[in-house]
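Q: Pasting a structure here, questions to come.
The numbers here are math on the coordinates, done by the rules we state, and not lab data. Note that the coordinates shown come from a computational prediction; the quantities given were computed from them, not determined experimentally. Cβ placement follows ideal geometry from the backbone for every residue including glycine, while neighbour counts extend to all protein chains displayed.
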Amino acid sequence: MTVLYDKVTLIGLGLIASSMGHAMKKSGLANTIVGFSQTKETRDMSLSLGFVDEITDTIEDAVSDSDLIVLSVPVGAMAAIAKIIGPKLKLGATITDVGSVKQSVIDMVAPHIPNGVHFVPGHPLAGTEQSGPTSGFPDLFKNRWCILTPLKNCNKEASARLKQYWEALGANVEYMEAEHHDLVLAVTSHAPHLIAYTMVGVADDLGRVTDKEVINFSAAGFRDFTRIAASDPTMWRDVFLNNREATLEILGRFTEELFDLQRAIRRGDGDQLFEYFNRTRAIRRSIIDAGQDTEAANFGRGSVE
């Protein structure tokens, strides 16, 4: 594999960054991978895991002379980081991010990027409920999508190279306008996460159901809700606060659909329920056909001993 960037800096060393590091090592995409995290424990652990070549004690040293800088931190932290590193970025460098919200990230980061440095916002649609540097693995992005939302005046060569980089990590890449990205993700990720958090919270609040019953008798639906609801609290807090308009729009539509289904159940309208469930089942089939999930029994978890 051809080296695409001589020096890559990963700021924030959780699931996404560690997976990027492992994938870069596997594919030989960078000569040097530098990592930075606020905590010394995370920095030391990342170095010992081998997905970075160097660790720095300061964020300024981490970005010094770097060709690609990846912001892999909660959305709410990006403005402060961009303000610090902006003056330290070398001419011709590319800076990107992996945040689940794009317009807010652009608003926070772009004002701090100097002329001659290329800002190409990005979002890999890959992840697990795990977090931290030990959770990463090189095939996380394989056959997953990465959306790039370059600004209108973005350098086309820098954007094309970042696209090639993500493809080399195994991802499918698509360009999209930031505002449209935020609406799409409100449908496919943000609102579903909020619903999962809410359903788990309802079970926790329901006094007539004991903790033991919730844990022991968790059928697949609720169990999968708890998997989603185990995602990083800081990241998701920032996602909802920074994509509030799109999320609220989708939640409004969800509420209308939910009320409609409530009325169908109350009326005993089996035909409406059957037609609705058939339509949504077809969407599940299209996701499997697109290779974005498996139809293996039990969602491919394997047997439980």
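Q: Of Arg284, Arg161, how do they rank once you tally other Cβ atoms within 10 Å and put the fewest first?
A: By the 10 Å Cβ count, ascending: Arg284, Arg161.
Q: Percentage of Cα-Cα pair distances in segment 180-268 greater than 18 Å, rounded to whole percent?
A: Looking at segment 180-268, the distances longer than 18 Å represent 55 percent of pairs.
Q: Let me ask something else about it. Nearest 500 deg cm²/dmol is fine: what mean residue ellipticity at 222 nm does the chain get from its DSSP H runs of n ≥ 4 alone, each adding -39,500 (n - 2.57), divided by its residue count?
A: Mean residue ellipticity, 222 nm, calculated: -15000 deg cm²/dmol.
Q: Then there's this: Suppose every K and R has +1 on its Cβ and every D and E has -1 on its Cβ; what is the size of the dipole of segment 180-268 about the Cα centre, in Debye to the nearest 20?
A: 360
Q: Kindly work out what percent of the DSSP beta bridges joining two residues of segment 5-176 are antiparallel, to the nearest 5.
A: Approximately 15 percent, going by the DSSP bridge assignments.
Q: When the chain is fully extended, how far beyond the present Cα-Cα distance does Lys142 get from Phe274, taking 0.36 nm per residue of separation?
A: Length gained between Lys142 and Phe274: 44.0 nm.
Q: Return the aspartates and glutamates within reach of Lys83: Cα separation strictly under 16 angstrom, same-chain partners fewer than 8 residues apart disregarded; answer none if there are no such residues.
A: Once the sequence-local aspartates and glutamates are set aside, what remains near Lys83 is Glu60, Asp61, Asp97, Asp107.
Q: Can you put Asp289, Asp65 in order of Cβ neighbours within 10 angstrom, beginning with the fewest? Mind showing how you got there, number by number?
A: On the way: Asp289 10, Asp65 14.
Starting with the residue having the fewest Cβ neighbours, the order is Asp289, Asp65.
Q: So, in Å, what gap is there between the alpha-carbon centers of segment 44-123 and segment 226-254?
A: Between the Cα centre of segment 44-123 and that of segment 226-254, the gap is 24 Å.
Q: Now for a different question. Hey, if you put +1 on the Cβ of every Lys and Arg and -1 on every Asp and Glu Cβ in the chain, which of Ile95, Ala290, Val117 ends up farthest toward the positive end of that dipole?
A: Of the listed residues, the answer is Ala290.
Q: GluC sites (Glu not before Pro) within segment 103-211: which are DSSP loop residues with at most 16 other Cβ atoms inside 10 Å?
A: Qualifying residues, ordered by number: Glu129, Glu177.
Q: Say the dipole of segment 1-148 comes from +1 at the beta carbon of Lys and Arg and -1 at that of Asp and Glu; which of Val34, Ile69, Ala126 then lies farthest toward its positive end?
A: Value: Ala126.
Q: Take the cross-link list Lys90/Lys142; Lys102/Lys152; Lys7/Lys88 and give me the ones stretching past 22 Å between alpha-carbons.
A: Result: Lys90/Lys142 exceed 22 Å.
Q: Here's another thing I want to ask about it. Determine the percent antiparallel among the DSSP beta bridges restricted to the chain, to the nearest 5.
A: 15
Q: Which value, in debye to the nearest 20, describes the size of the charge dipole of segment 5-176 about its Cα centre when Lys and Arg Cβ atoms bear +1, Asp and Glu Cβ atoms bear -1, and nothing else is charged?
A: In debye, rounded to 20, segment 5-176 gives about 400.
Q: OK, next. Hey, could you get me the Stokes-Einstein D for segment 223-302, Kirkwood radius over alpha-carbon pairs, 4 °C and 1.567 mPa s, rounded to whole µm² s⁻¹?
A: Numbers: Rh = 15.8 Å.
Rounded, D is 82 µm²/s.
Q: In a Gaussian network model over the chain where Cα atoms closer than 10 Å are linked, find which of Phe240, Phe217, Phe137 has the largest mean-square fluctuation.
A: The residue with the greatest mean-square fluctuation here is Phe217.
Q: Among Leu10, Leu258, Leu183, which comes first, second and so on when ranked by fewest other beta-carbon atoms within 10 Å?
A: Leu258, Leu183, Leu10
Q: Right, something else. Only four residue types carry charge here, +1 at the Cβ of Lys and Arg and -1 at the Cβ of Asp and Glu. Report the dipole size of the chain about the Cα centre in Debye, rounded to the nearest 20. The partial results should precede the final answer.
A: Values: 30 positive and 39 negative charges, 55 e Å.
Using Cβ point charges on Lys, Arg, Asp and Glu, the chain gives about 260 debye.
Q: Two-decimal Rg/Rh of the chain from alpha-carbon positions, Kirkwood Rh?
A: 1.01
Q: Using only the Cα atoms of segment 78-163, build the gyration tensor, take square roots of its eigenvalues as a ≥ b ≥ c, and label the shape rounded, prolate or oblate: rounded if a/c is under 1.5, else prolate if a/b is larger than b/c, else oblate.
A: prolate
Q: With N residues in segment 5-176, what two-decimal value do you get for its Cα radius of gyration over 2.2 N^0.38 Å?
A: Scaled against compact globular proteins, the figure is 0.92.
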